[in-house]
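The values are calculated or read from the model by the stated rules, or taken from the named source; none is laboratory data. Here the structure is a predicted model, which means the values were calculated and not measured. No Cβ is skipped: glycine too gets one built from the backbone with ideal geometry, and neighbour counts run over all protein chains shown. Keep in mind that these areas ignore ligands, DNA and RNA; they rest on the heavy atoms of the full protein, side chains included. Shrake-Rupley method; radii C 1.70, N 1.55, O 1.52, S 1.80 Å.
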Amino acid sequence: MIKVWIEAMRLRTLPVSVAGVITAAAQCQLSGELRVTPVVLCLLFAVLAQIASNFANEYYDFKAGLDRPGREGPRRGVTEGDITPQSMKKATFFTLGSACVIGLSLVFYGGLWLIAAGIAIALGALAYSAGPYPLSRHALGEVAVFFFFGIIPVNLTYYVSTLHWSLECLASSVIIGLYGANVLITNNYRDAVDDASVGKTTIAVKFGRNFAATLYLMNGIAAFLLMSLTWNDDESWTIVIRSLFLLIHLILWNRLIKLEGAKITKILAATSMLMLAYALSYLAYSFS
């Protein structure tokens with residue numbers, strides 16, 4: 001039973017939420033204003049919010065009849081009968097509630113306006129799969145990931161530590177958002193046939209898998225170009241590191257377009273780890 005719940009958390013994708021907070025921590029360190037406690041709280045909030053979103057995605061896709069046994073992606077506990085729908089629903093709101101409790105503690109560091117931001121994030125976690133216009137079913141999933149796992153967490157984490165905004169931090173958040181969108185693009189590229197068969201509209205379904213693969217490629221290139229705004233080009237080693245991330249991205253894209261079915265899950269995991277590796281490298285750079 002523990003195994004099916006761990007799989008429902010989709011551990012392969014959790015680096016997406018972790019990477020945003022780590023990148024923000026790096027920006028705080030570069031500005032000399034890193035405060036560990038609020039950053040750690042942001043990390044816990046981000047991870048719990050993502051797990052809640054993953055649980056909600058499984059529950060609401062099942063309720064809408066969008067999942068079926070034997071799908072190409074990871075095993076869905078509710079669809080396969082390993083987890084009852086009611087248990088998944090309870091887990092969704094318990095996890096989201098836990099995230100909100102942690103989020104409330106951030107008011108002490110950043111002010112009461114963070115309550116509104118937290119509510120928006122909580123609603124966003126649900127709106128991805130639920131509500132009158134589920135974003136994941138209307139080719140807006142990648143846009144949601146770009147903002148909710150890139151722009152918002154990086155900039156908010158930076159703010160609660162420094163109490164101001166930064167254009168460099170904004171550039172970093174775009175980089176993370178592009179990497180995060182690529183994780184979902186890989187997921188939707190793999191699941192395009194299954195999604196189309198049940199009427200779930202993703203970018204890969206609406207515009208085709210070739211478009212999705214090209215978008216994956218361009219996102220990584222755009223992220224590489226933006227790195228020149230956040231890394232010091234006076235040090236040649238930073239150029240080498242950034243170029244290495246571009247090279248790995250190109251290799252992953254090349255593998256993506258050559259693989260089919262469940263084999264693409266490995267590319268999804270690798271794309272997620274590339275995002276985390278970038279964030280960790282940037283954090284190391286901030287301390288150099």
**OP:** Scan (1) without any contact (Cβ under 8 Å) to a residue 24 or more places away in the chain; (2) under 23 Å from Ile267 (Cβ atoms) for the single condition Gly150 breaks and write down its number.
**Re:** (1)
**OP:** Filter region 1-39 down to residues that are surrounded by 17 or more Cβ atoms within 10 Å (Cβ to Cβ) and assigned to a loop (DSSP other than H, G, I, E, B), then give me how many there are.
**Re:** 3
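Among the residues of region 171-200, write down those that are small (Gly, Ala, Ser) and more than 16 Å from the chain's Cα centre (by Cα). Can you show your working first?
Going residue by residue through region 171-200, those that are small (Gly, Ala, Ser) are 171-173, 177, 180-181, 192, 196-197, 199.
Across region 171-200, the qualifying residues are Ala171, Ala192, Ala196, Ser197, Gly199.
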**OP:** Take the residues in region 219-268 that are of a type in the set (Gly, Ala, Ser) and on the phi < 0 side of the Ramachandran plot, then tell me which one is most open to solvent (accessible area, probe 1.4 Å).
**Re:** Ser236
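Could you tell me how many of the residues in region 250-285 are touching a residue at least 40 places away in the same chain (Cβ under 8 Å) and part of a helix (DSSP H, G or I)?
Start the filter on region 250-285 by keeping residues that are touching a residue at least 40 places away in the same chain (Cβ under 8 Å), which leaves 253, 256-257, 261-262, 264-265, 267-269, 271-276, 278-283, 285.
Next, only the ones that are part of a helix (DSSP H, G or I) stay: 253, 256, 261-262, 264-265, 267-269, 271-276, 278-283, 285.
The number of residues fulfilling the criteria is 22.
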**OP:** Determine whether Ala49 is at pLDDT 95 or above and closer than 18 Å to Leu170 by Cα.
**Re:** no
Subject >> Which numbered condition Leu44 misses (of (1) of a type outside the set (Phe, Trp, Tyr); (2) at pLDDT 95 or above; (3) under 30 Å from Glu260 (Cα atoms); (4) open to solvent by 60 Å² or more (accessible area, probe 1.4 Å)) >> reply: (3)
**OP:** Would you check which residues across region 198-227 are free of Cβ contacts under 8 Å to residues at least 12 places away in the same chain and among the polar types (S, T, N, Q) and list them?
**Re:** Asn210, Thr214
